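Reading through the structure tokens given below for one structure.
What follows draws every value from the coordinates through simple rules; no lab data is involved. What you see is a predicted model, and the numbers here were worked out from it, not measured in a lab. Reconstructed Cβ throughout: ideal geometry from the backbone, glycine too, with neighbour counts over all protein chains shown.
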């Protein structure tokens, strides 16, 4: 926690507070989550060009029909 206080003094208390609140929203109680959130604004992410993925259409399948499963659930609730 002392490391976080040092980061707060260096990067600003408001930014530290936002990072802690974000980590708590994520249910992360580890210091590393707060440190990641503090550093995430500085991370350089390469930009990627959009790719044409039309060839993946051959793997497309219809969604399964779940009517029978829904009937089982309704019968179980009715008990």
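With contacts taken as Cα pairs under 8 Å and at least 6 residues apart, segment 1-42 reaches a relative contact order of 39 percent.
Out of every Cα-Cα pair in the chain, what percent are more than 22 Å apart? The proportion of pairs with Cα distances above 22 Å equals 60 percent. Taking label positions 7 Å along the Cα-Cβ direction at both residue 65 and residue 51, the computed distance is 3.6 nm, reported to one decimal.
Report note on the peptides 44-52, 66-74: ranked by the mean count of other C-beta atoms within 10 Å, highest first, their order is 66-74, 44-52.
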